[in-house]
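What follows is a set of notes on a single structure, which appears directly below.
The values are calculated or read from the model by the stated rules, or taken from the named source; none is laboratory data. The shown structure was predicted, so the numbers you read here are calculated from the model rather than taken from an experiment. So basically every Cβ, Gly included, is an ideal-geometry build from the backbone, and we count neighbours across all protein chains shown. Each accessible area value is taken on the protein alone, full model and side chains, heavy atoms only, with ligands, DNA and RNA left out. Shrake-Rupley method; radii C 1.70, N 1.55, O 1.52, S 1.80 Å.
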Amino acid sequence: METSIARHIDKYLKEHQHEMIAFLKRLVACETPSKDKSSQFQILKILETSLSELGFYTILFPGKKTGGYLFARPLVKEGNGIQLMIGHCDTVWKLNTIDSMPIKEINGKISGPGIFDMKAGITQMIFALKSLQEIQAKMDLCPVILINSDEEIGSFESTTAIRRISKIARRAFILEPPLGFEGKLKTARKGIGKFVIRVRGKPAHAGLNPGEGVSAIVELSYQIQNLFQLNDFEKGITVNVGMIEGGSSANVIAEESQAVVDVRVYNLEDARAVEKKILSLRPKHKGTSISIEGGFGRPPMERTERNQKLWKLAKEIGLSMELSLEETTAGGGSDGNTTSLYTATLDGLGTVGDGAHARHEFIFKEKLIERTTLLAMLLANKDIEQEIIVSP
């Protein structure tokens, strides 16, 4: 039965491949840097119109500092419960990058800024739904969509909505790109923490009266060594001091210094332990003080039992399509880190390619249909019975 449905979906997508690629190129042509609020309006309007034409109720929630996010659900509800699809329309690329990174289609690859991460994934959403409507496939769970414009900068305005919907969803599909040329699906992700450590010392002239000063830079250097000791590569705990600054002049004992720290962990237990240690740092040198702010903005996406059930479903569907899927853990975060706290989550369902955040960014043209078929099959598949556990 699954093989037959997949064949019909594949047939529809191949017949509409030109339309699909044209839509994708249209999205890529809309340059959408995360921090340029006005740049998001055009692409969100295109997506709003496309979903409306599919019979979806849509509402655009404007952001305060970003373009906001688009929410969509069918006008006529079907199924018993909901399944959530999440994608982001923002990219890391500045406006006019397309002048030096034009959209190209060469040797089976389509390239352009944001095509891999992740406008191909958004295209898959639209055409997976179109294909299911065309073959009149009934979904056991009602598809709900959220497309945000702030994922690349931490989803700070959309996370509340993602969390709220995830709590009532039976499962979540994240259309971020897969990993590697094998197209591995992401069943786990590291949690990401960011901390800012500020040190105050006592300024003095470095030549005339250096003994009267207490250097904030020296104190910070001591704290950096403490932070380095928190690394545990065997457990996957990484603590990286990625930025430092301080002082006002070479001839002044520094009054202030600052470090920005990136922390990555595999599980919540380690996140809490490392966070506690960082927030507990105390000054070594008399006359200095330390203030620390930050925490884990993206909790780890762990390889939970319910996530594994969803992965096994995808693997079985892949086999029915003669597609051998693999799973992996990603070092970076996504909105899947949030949904995984509340519901079964499968990430990396986008199109196979390479070059996320790099100038050679591309997707493989033939993989666009393959991964859209996989997504459509997942949407059409029956709900996996699971206990809904809402994490704190």
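Explain nothing, just the number: relative contact order of segment 16-100, from Cα pairs under 8 Å at least 6 residues apart, as a whole percent.
Relative CO of segment 16-100 lands at 33 percent.
Using a 1.4 Å probe on the protein heavy atoms, what percent of the accessible area of the chain belongs to carbon and sulfur? Intermediate values should be presented prior to the final figure.
On the way: 9250 of 18080 Å².
Ligands and nucleic acids excluded, carbon and sulfur reach 51 percent.
Would you rank Val265, Val218 by solvent-accessible area, highest first, keeping every protein chain in place and using a 1.4 Å probe?
Val218, Val265
Return the ratio Rg/(2.2 N^0.38 Å) for segment 250-382, where Rg is computed over Cα atoms only.
1.53
Translational diffusion coefficient of segment 103-183 at 25 °C, 0.890 mPa s, Stokes-Einstein with Kirkwood Rh over Cα pairs, in µm²/s as a whole number. Could the numbers behind the result be given before it?
On the way: Rh = 15.1 Å.
Rounded to a whole number, D works out at 163 µm²/s.
Quick one: angle between helix 365-380 and the longest Cα principal axis of the chain, in degrees between 0 and 90, rounded to 10, please.
80
Quick check on segment 1-110: take the gyration tensor over C-alpha atoms, sort the square-rooted eigenvalues as a ≥ b ≥ c, and tell me if it's rounded (a/c under 1.5), prolate or oblate. Intermediate results must be reported in sequence, preceding the final value.
Numbers: a/c = 2.53, a/b = 1.18, b/c = 2.15.
Oblate is the answer for segment 1-110, as a/c is 1.5 or above yet b/c matches or exceeds a/b.
For Rg and Dmax of the Cα atoms in Å, which listed value, (i) 23.7, 86; (ii) 21.6, 66; (iii) 19.5, 56, comes from the coordinates shown?
Label (i) holds the value from this structure.
In terms of the Cα gyration tensor, with a ≥ b ≥ c the square roots of its eigenvalues, is segment 21-72 rounded because a/c is under 1.5, prolate because a/b exceeds b/c, or oblate? Let's see the in-between values first.
On the way: a/c = 3.40, a/b = 1.15, b/c = 2.97.
Note, shape of segment 21-72 comes out oblate.
Per the helix-only calculation at 222 nm, which mean residue ellipticity applies to the chain, given -39500 (n - 2.57) for every DSSP H run of n ≥ 4 and division by its residues, nearest 500 deg cm²/dmol?
The helix contribution divided over the chain gives -10000 deg cm²/dmol.
Just reorder Tyr57, Tyr342 by solvent-accessible area, largest first, 1.4 Å probe, all chains present. Could you put the intermediate results ahead of the total?
On the way: Tyr57 90, Tyr342 10 Å².
Correct descending sequence by accessible area is Tyr57, Tyr342.
Ratio of Rg to Rh for segment 31-187, alpha carbon only, Kirkwood? All intermediate terms of the calculation are to be shown ahead of the outcome.
Numbers: Rg = 15.8 Å, Rh = 16.4 Å.
Across segment 31-187, the Cα-based Rg/Rh ratio is 0.96.
Sort 223-231, 110-118 by the packing proxy (mean of other Cβ within 10 Å over each peptide's residues), most packed first.
110-118, 223-231
Could the peptides 93-99, 185-191 be put in order, highest first, of the mean number of other beta-carbon atoms found within 10 Å of their residues?
Details: 93-99: 13.9, 185-191: 25.4.
For the peptides 93-99, 185-191, the packing ranking is 185-191, 93-99.
Based on the alpha-carbon gyration tensor of segment 227-328 and its eigenvalue square roots a ≥ b ≥ c, which shape applies: rounded if a/c is under 1.5, prolate if not and a/b is larger than b/c, or oblate?
prolate
Per residue, how much accessible area does the chain have with a 1.4 Å probe, in Å²?
Averaged over the residues of the chain, the accessible area is 46 Å².
Using the Cα centre of the chain as the reference point, and only Cβ charges (+1 on K/R, -1 on D/E), how large is the resulting charge dipole? Debye, rounded to the nearest 20.
Details: 50 positive and 48 negative charges, 123 e Å.
Dipole size: approximately 600 debye.
Using a simple charge model, +1 on the beta-carbon of Lys and Arg, -1 on the beta-carbon of Asp and Glu, nothing else, what dipole does segment 254-392 show about its Cα centre, in debye to the nearest 20?
Using only the charged Cβ atoms, the result is roughly 420 debye.
If I take every Cα pair under 8 Å that is 6 or more residues apart in the chain, average their sequence separation and divide by the length, what percent do I get for the relative contact order?
23
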